[in-house]
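These notes are about the structure you will find just below.
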2 protein chains.
Amino acid sequence: MGDSVPNELYFEDLHPGMSFPSLSNYKVTAEEIKEFAERYDPQPFHLDEAAGESSFFKGLAASGWLTAAIVMRLRVQSIRIAGGMIGAGVEEMRWLQPVRPGDTLRTEAEILNVRHSQSKPQYGVVRSRTVVFNQRNEVVMRSIVNFLAPLRKVAK
Amino acid sequence: MGDSVPNELYFEDLHPGMSFPSLSNYKVTAEEIKEFAERYDPQPFHLDEAAGESSFFKGLAASGWLTAAIVMRLRVQSIRIAGGMIGAGVEEMRWLQPVRPGDTLRTEAEILNVRHSQSKPQYGVVRSRTVVFNQRNEVVMRSIVNFLAPLRKVAK
């Protein structure tokens, strides 16, 4: 593939096997875990250390939906689709390890498959797998997500 | 099933076909759309009305991950699992219509399947489908999510 990836990617630029590591790591804090939980996932093990200790998670743990949101941030930075990355659906998402305060997350995304869109002829559908690692290189989340990428040359 | 749902549900209480409408509606504001986007999905069509107008979405639209987070909130309120709802994975998620400022979301969740967990004998795995409607009863999102529910009686 070479080292230089164009800044704005079109459908024609994306091929199975291309990989996109996150450009930065994301440090998760107890404050962000609790703040997100208060708004979107108000459960004891996401809100409070002591409640976390006596739960399934044996400690404060991030909502899986916070992890998914952080992953979107890392993906948007590392896969620069022309006009933006438009989600076309999640095929699979698995949370494999709790995300804890102080954890530092990074992602590795890979293109699995590309095809033209039937319903939107000016777009292609790109299937990508993302693996999310913490600072110990443990996989904390894995997902397969489809997104749209615009065609550079629209067929007449 | 009767009208009265126990406050704290165990695995034994959950059966295919049971449904759980959200207890409230969730009003999405432009502020929340932009605030979430700044942190987790910083793309023009989630950040700015004018940029949204000239995009795929033809207007400001919520990040699909904000919609997913709001859906978690509505689900946690309406399906009260003893000890909390622990996500075991997403089987499928589809965003079918953009979520706009001022939209009011509600969910209908249905239990599809229940089984004992192989790896965690004190839990069962519950598969649920959630359909997310806006104020015009358009389906904006659909998902199939697995979660854990604790067994009331743990086999010796």
Of the residues in the range A:129-147 that are in contact (Cβ under 8 Å) with a residue 60 or more places away in the chain and under 8 Å from the mean Cα position of the chain (by Cα), the one that is farthest from A:Ile111 (Cα to Cα) is A:Val132
In the range A:112-127, residues that are over 20 Å from A:Leu23 (Cβ atoms) and open to solvent by less than 40 Å² (accessible area, probe 1.4 Å) total 4
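For (1) touching a strand residue (DSSP E or B) at 6+ places or on another chain (Cβ under 6 Å); (2) small (Gly, Ala, Ser), each residue gets a yes or a no:
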| site | (1), (2) |
| --- | --- |
| A:Ala88 | yes, yes |
| A:Arg94 | yes, no |
| A:Gln97 | yes, no |
| A:Thr104 | yes, no |
| A:Ile111 | yes, no |
| A:Lys120 | no, no |
| A:Tyr123 | yes, no |
| A:Arg127 | yes, no |
| A:Asn134 | yes, no |
When every residue in the range A:52-74 that is more than 9 Å from chain B (Cβ to nearest Cβ) and more than 14 Å from the chain's Cα centre (by Cα) is compared, the one modelled with the lowest pLDDT is A:Ser54
Those residues of the range B:128-156 that are in a loop (DSSP other than H, G, I, E, B) and surrounded by 20 or more Cβ atoms within 10 Å (Cβ to Cβ) come to a total of 1
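The values are calculated or read from the model by the stated rules, or taken from the named source; none is laboratory data. Just so it is clear, the structure is predicted and the values come from calculations on it, not from any experiment. As a convention, Cβ positions derive from the backbone with ideal geometry for all residues, glycine included, and neighbour counts pool all protein chains shown. These accessible areas exclude ligands, DNA and RNA; they are computed on the full protein's heavy atoms, side chains included. Shrake-Rupley method; radii C 1.70, N 1.55, O 1.52, S 1.80 Å.
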